[in-house]
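The values are calculated or read from the model by the stated rules, or taken from the named source; none is laboratory data. This one's a predicted model, so the numbers in the text were calculated from it and none came from an experiment. Positions of Cβ are backbone-derived with ideal geometry, glycine not excepted, and every protein chain shown enters the neighbour counts. Side chains included, ligands, DNA and RNA excluded: accessible areas come from the protein's heavy atoms. Shrake-Rupley method; radii C 1.70, N 1.55, O 1.52, S 1.80 Å.
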Amino acid sequence: MRREPGVGAQSPHVGGGHRHDVVAATTSAAVAMKGHGLSSLPPSVGWKPVPVPAGRTADAPCVAFSRGGEAKCPRILRSPARLDIVPQEPPEFERDVDEDFPSERPTLIEDVSSFTPGRTAKVVPRTRPLLTVLTGPEKGAVFSFTTVEATIGRSEDAEISIPDLGLSRIHAKISRKPGGYYLEDVGSTNGTFVDDVRIDGEVRLHVGSRFRLGQRTVLSLTLHDELEVDAALSMRQAAMRDRLTGIYNRGVFDDRLEAEIAFSARHGSPLSLLLFDVDHFKRFNDTFGHQAGDAVLIAVAEQVQKTVRTEDVLARYGGEEFAVIARDTPSDRALILGERIRRAIERAAVEHEGKILAVTASIGVATLSKQTPYDQEGLVSAADRSLYDAKQAGRNRVRHVDIAPSVTLRGPTR
């Protein structure tokens, strides 16, 4: 008998005198022919030989072995005997697959009987509008609406609210009509533009049209189906929001701070930055566990979100540290805002497993103005220095880098 090197194995008939020359797959799948024992073949857990249909013999082009949906086509038996292969389970000690992991489980065979060769995929109707912000403070944001018309502006009262100080509270509206989608300016201060031309009255938008609101915010209109819109909105939220607290994440903070500094420089308006973190946060984790620490961070985010204005940006800066970007806010008002935040956190009743956790925060403030023309790195560094000073002074207090400590507001030392 001839054996192909490295892949063949001879197997005696159990209880008989003849032999079959078996050429196994390179994976050495553990199989047994009916009435034959092939224990000399090392098992490869998870590979399942496909039973040969009735009437097929060794002259058939392939016997497939599958594992996790992948098909292998090994060389077949050289004997003209019919291939009627059944799986043989390896001994328990030889199994090296952890079936608790989905990737190690056998592929679930689903019904594919409805498959039609040569079929062309149908075109899904795309009728749901999606507005994407291409430039401006909310760059990358996406909005959709299902109403006949939607207003756009910086106010929370607008159906599509974009926090750009260059926009009017209700700046423009977009309407769905039998002929398509139409854009109209509603008496804005800085105008609405299509193809860089300021519009007066309604202008029809085509799929892919771009329009500008004021000087900074450019949007595009596209049409999608429900699944595409839901996926786009979900991905945008995941990219912008901190998963634990639901407030903006560090990436959004960096982008928004850059945009707000540029706006402040152009218009000569003050911009304040508040950095704060939870006092002795490590004690919550060490004493009550990390779930208690998570509860504290969530509670702090909720309290501060209720305290700041709609146009302010609250973000998780990192770990137990948070940040607030306060537009058009000079030093004295920023100090007052910091004190409001400090008190809101101090009053928060954080309950965990029947215990009330007392939480305080230290807050550092810095203000960009004509007298202190910080760049982005300088503004963050100045606020960070103020935060350090607040902690050194006893925590649970507010410090401003440009205001004397005697004026600084504070609560009880913790």
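Solvent-accessible area of His352, probe 1.4 Å, all protein chains present, reported in Å² to the nearest ten, please.
20
At 7 Å along Cα-to-Cβ for each site, give me the label-to-label distance between His267 and Lys139 in nm.
1.9
Taking R0 as 51 Å, what FRET efficiency do you get between Arg385 and Arg119 from their Cβ-Cβ distance, rounded to the nearest 0.05?
On the way: r = 67 Å, r/R0 = 1.31.
Approximately 0.15, to the nearest 0.05.
Going by amide H atoms built from the backbone, whose H comes under 5 Å of the H on Leu134, apart from near neighbours?
Residues meeting the amide H criterion: Gly140, Val218, Leu219, Ser220.
Between Thr287 and Gln215, how high is the FRET efficiency from 1/(1 + (r/R0)^6) when r is the Cβ-Cβ distance and R₀ = 35 Å? Nearest 0.05. Show your work: numbers first, answer last.
Values: r = 52 Å, r/R0 = 1.49.
My answer for the efficiency is 0.10.
Just to confirm my numbers, what's the Cα centroid distance between segment 119-135 and segment 309-348 in Å?
40
Give, as a single signed number, the net charge of other residues whose beta carbon lies under 15 Å from the beta carbon of Ser155, with Lys and Arg counted +1 and Asp and Glu -1.
Working: positive: Arg154, Arg169, Lys173, Arg309, Arg327; negative: Glu138, Glu156, Asp157, Glu159, Asp164, Glu311, Asp312.
My count for the surroundings of Ser155 gives -2.
Using the Kirkwood radius built from alpha carbon pairs, what does the Stokes-Einstein equation give as D for segment 245-356 at 20 °C and 1.002 mPa s, in µm² per second? Provide the component values of the computation, followed by the final result.
On the way: Rh = 14.9 Å.
Taking Rh from Cα pairs, D becomes 144 µm²/s.
In nanometres, what is the gap between the two model label sites at Val207 and Arg333, each 7 Å from Cα along Cα-to-Cβ?
Label at Val207, label at Arg333, 4.6 nm between them.
For the modelled label position 7 Å from the Cα of Arg243 along Cα-to-Cβ, which residues of segment 260-283 have backbone nitrogen atoms closer than 18 Å?
Hits in segment 260-283 for Arg243 at 18 Å: none.
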